[in-house]
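Participant: A single structure is presented below for examination.
The values are calculated or read from the model by the stated rules, or taken from the named source; none is laboratory data. Computed from a prediction, not measured in an experiment: that's the story for all the values here. Here the Cβ is made from the backbone with ideal geometry for all residues, glycine too, and neighbour counts use every protein chain on show. Side chains are part of the model used for accessible areas, which takes the heavy atoms of the whole protein and leaves out ligands, DNA and RNA. Shrake-Rupley method; radii C 1.70, N 1.55, O 1.52, S 1.80 Å.
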Amino acid sequence: MPIPSVRRSRQGALPRTVDVVVAGGGAVGAAVAYQLADAGASVLLAEAFTLPDGAEPTHFATTSQRAAPPVPIAGHAVGAQVPAAGRAIEALIRRSAELYADLPARAGIGHGASTRASLHLLPDDDLVAAYTDAVARHAARGLDSMMIRAQDAAVLNPYVAAWQYAGAALIAPERWHAPGTAAADLLAAAADRGAVLREHCMVKGIERSGGAVAAAWTEHGKVHTGAVVLCAGVHSAQLAASDLPSGPSLAPGPPASADPGDLRLPLVARRRALGFTLPLVPRPGQVPATIDVGSTFWFANAEPDRVMLGVERPDRPLEPGHEPRLVPVLRRAAAQCAPALGEAPLAPGWMGTRTETPDGLPLLGAHSSGLLYATGFNGAAARVAPAVGEVVRDLLEQQEPDIDVTPLGMERFW
């Protein structure tokens with residue numbers, strides 16, 4: 001059932017003045033709004049599209065927003081090159097797990113978490129070596145992740161074509177939150193603390209006075225504020241570059257080079273494709289959520305008798321939306337990893353986007369103008385959202401966060 005406090009809070013006139021405007025109503029934006037409202041700030045969260053409300057998905061777009069593939073824990077450019085950033089992200093994950101556990105008691109709501117293991121397929125020896133190091137770090141955290149042979153991966157998930165892989169990793173179960181469910185729970189908590197939530201209310205630009213944030217212009221009007229938190233994916237880059245003296249027109253995207261004193265967020269939107277099989281006979285057995293780390297193809301059970309599958313870097317430049325032509329895209333992606341799924345009957349797919357930075361790490365920090373940013377989490381937003389909310393709260397209050405997020409600041413690019 002929809003969460004009433006969220007649904008009631010999504011409509012109505014905008015406040016004339018708030019302490020903070022949060023642009024973006026995903027898991028991170030919701031967590032930021034919750035932490036700020038819990039600390040006593042007046043908060044407007046403005047989302048361009050529909051806010052999650054805890055209801056069951058009723059159409060494909062909503063379902064795709066909730067889909068979260070297993071997140072690779074290592075890559076060819078493994079965290080040894082950015083150890084401080086890796087430590088910051090792991091600290092955010094650990095702290096978020098604690099905060100999720102505490103959320104129902106503090107906010108008086110349930111939470112949409114589950115526990116699941118995931119199977120990561122590794123096509124070459126470099127990835128096997130990178131994952132061996134990452135699994136050792138998991139062991140240091142007390143997690144029972146393990147490296148396994150490709151043949152063993154096929155035993156755990158019979159769809160897997162074991163001969164295509166150099167090895168695999170079984171990643172230990174952790175509390176896992178689908179993005180839409182996590183956002184719905186955090187939005188309910190934010191509303192309970194007095195945050196104003198508005199959907200279909202895009203923030204279109206930032207008005208400044210003397211170089212500092214003075215107001216946020218939305219598609220429904222102007223809201224006076226001294227701080228804006230950018231959690232709006234790739235749109236955050238446009239907002240960071242905007243300076244509207246008298247009205248809501250979008251500034252162009254950030255230039256290739258910029259003055260280090262300006263807030264320039266190097267964000268790009270990458271397409272992601274998602275689809276479902278039609279009901280399968282016989283019904284598929286329960287298998288771990290599985291990802292081919294090399295190709296980004298992934299799949300998982302979709303109750304009661306279907307399989308959800310996706311690819312994070314599809315090989316066709318299609319526009320976002322409901323797209324029947326995605327069926328061959330998904331078939332090609334499945335062919336190497338899980339040939340049987342490549343031949344299964346598929347429903348028309350959905351093409352969406354996710355936000356990345358050039359180095360694959362998120363952007364998290366504050367700027368002297370009154371703009372703060374928390375974006376570019378590349379599919380892992382729900383895992384870190386509560387701790388990111390705490391960090392943003394501390395930065396806004398000009399306190400030193402318990403977690404050092406300096407390596408995630410935009411300064412690394414300039």
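For (1) β-branched (V, I, T); (2) surrounded by fewer than 21 Cβ atoms within 10 Å (Cβ to Cβ); (3) not in a strand (DSSP E or B), each residue gets a yes or a no:
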site	(1), (2), (3)
L170	no, yes, no
L186	no, no, yes
H200	no, yes, yes
S236	no, no, yes
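Participant: Cβ-Cβ distance below 8 Å, separation of 6 or more or different chains: which pairs start in segment 214-231 with a residue that is closer than 20 Å to V28 by Cβ and of a type in the set (G, A, S) and end on one that is open to solvent by 10 Å² or more (accessible area, probe 1.4 Å) and part of a strand (DSSP E or B)?
Facilitator: Close Cβ pairs satisfying both conditions: A216/E207; A216/K222; A227/V213.
Participant: Between a first residue in segment 271-295 that is on the phi > 0 side of the Ramachandran plot and a second residue that is β-branched (V, I, T) and modelled with pLDDT under 90, which pairs have beta carbons less than 8 Å apart while being 6 or more apart in sequence or on different chains?
Facilitator: none
Participant: Now, a different point. Need the failing condition index for V327 against (1) closer than 30 Å to S236 by Cβ; (2) modelled with pLDDT under 85; (3) not in a strand (DSSP E or B), just the number.
Facilitator: (1)
Participant: So, of the residues in segment 115-139 that are open to solvent by 50 Å² or more (accessible area, probe 1.4 Å) and either closer than 30 Å to P52 by Cα or aromatic (F, W, Y) (or both), which turns out to be modelled with the highest pLDDT?
Facilitator: That would be R116.
Participant: Within segment 50-65, which residues are modelled with pLDDT of 55 or more and surrounded by fewer than 15 Cβ atoms within 10 Å (Cβ to Cβ)?
Facilitator: So in segment 50-65, the residues modelled with pLDDT of 55 or more come out as 50-54.
Selection gives T50 alone.
Participant: Could we say that P358 is modelled with pLDDT of 75 or more, surrounded by fewer than 17 Cβ atoms within 10 Å (Cβ to Cβ) and closer than 30 Å to P282 by Cβ here? I'd like the intermediate steps shown before the answer.
Facilitator: Details: modelled with pLDDT of 75 or more: yes; surrounded by fewer than 17 Cβ atoms within 10 Å (Cβ to Cβ): yes; closer than 30 Å to P282 by Cβ: no.
It is false that P358 is modelled with pLDDT of 75 or more, surrounded by fewer than 17 Cβ atoms within 10 Å (Cβ to Cβ) and closer than 30 Å to P282 by Cβ.
Participant: Can you give me the number of residues within segment 365-382 that are open to solvent by less than 30 Å² (accessible area, probe 1.4 Å) and either in a loop (DSSP other than H, G, I, E, B) or free of Cβ contacts under 8 Å to residues at least 60 places away in the same chain (or both)?
Facilitator: Going through segment 365-382 one residue at a time, the tally reaches 6.
Participant: Working only within segment 383-400, note down all residues that are open to solvent by less than 50 Å² (accessible area, probe 1.4 Å), touching a residue at least 60 places away in the same chain (Cβ under 8 Å) and of a type in the set (D, E). If you could, list the steps in order and put the result at the bottom.
Facilitator: Residues of segment 383-400 open to solvent by less than 50 Å² (accessible area, probe 1.4 Å): 384-392, 394-395.
Filter once more, so that each one left must be touching a residue at least 60 places away in the same chain (Cβ under 8 Å): 384-392.
If the condition is that a residue be open to solvent by less than 50 Å² (accessible area, probe 1.4 Å), touching a residue at least 60 places away in the same chain (Cβ under 8 Å) and of a type in the set (D, E), then E390 is the only one that fits.
Participant: Also, quick follow-up: Exactly one of these conditions fails for E411: (1) without any contact (Cβ under 8 Å) to a residue 12 or more places away in the chain; (2) outside any loop (DSSP other than H, G, I, E, B); (3) of a type in the set (D, E). Give me its number.
Facilitator: With (1) without any contact (Cβ under 8 Å) to a residue 12 or more places away in the chain; (2) outside any loop (DSSP other than H, G, I, E, B); (3) of a type in the set (D, E) applied to E411, the lone miss is (1).
Participant: Here's something else I'd like to know. Within segment 2-23, can one find any residue that is buried (at least 17 other Cβ atoms within 10 Å of the Cβ), under 16 Å from the mean Cα position of the chain (by Cα) and modelled with pLDDT under 95?
Facilitator: no
Participant: Now a separate question. May I ask you to verify whether G142 is modelled with pLDDT under 95, over 23 Å from G379 (Cα atoms) and not aromatic (F, W, Y)? Walk me through it before giving the result.
Facilitator: Numbers: modelled with pLDDT under 95: yes; over 23 Å from G379 (Cα atoms): yes; not aromatic (F, W, Y): yes.
When the stated conditions are applied, G142 passes them.
Participant: Can you tell me which residue in segment 262-307 is surrounded by the fewest Cβ atoms within 10 Å (Cβ to Cβ), limited to those that are among the acidic types (D, E) and outside any strand (DSSP E or B)? Walk me through it before giving the result.
Facilitator: So in segment 262-307, the residues among the acidic types (D, E) come out as 262, 292, 303, 305.
Within this subset, residues satisfying the condition of being outside any strand (DSSP E or B) are 262, 303, 305.
Numbers: D262: 16, E303: 8, D305: 14.
Checking each candidate, the answer is E303.
Participant: Which of (1) over 21 Å from F377 (Cβ atoms); (2) at pLDDT 90 or above; (3) buried (at least 24 other Cβ atoms within 10 Å of the Cβ) is the odd one out, the single condition A333 does not satisfy?
Facilitator: With (1) over 21 Å from F377 (Cβ atoms); (2) at pLDDT 90 or above; (3) buried (at least 24 other Cβ atoms within 10 Å of the Cβ) applied to A333, the lone miss is (2).
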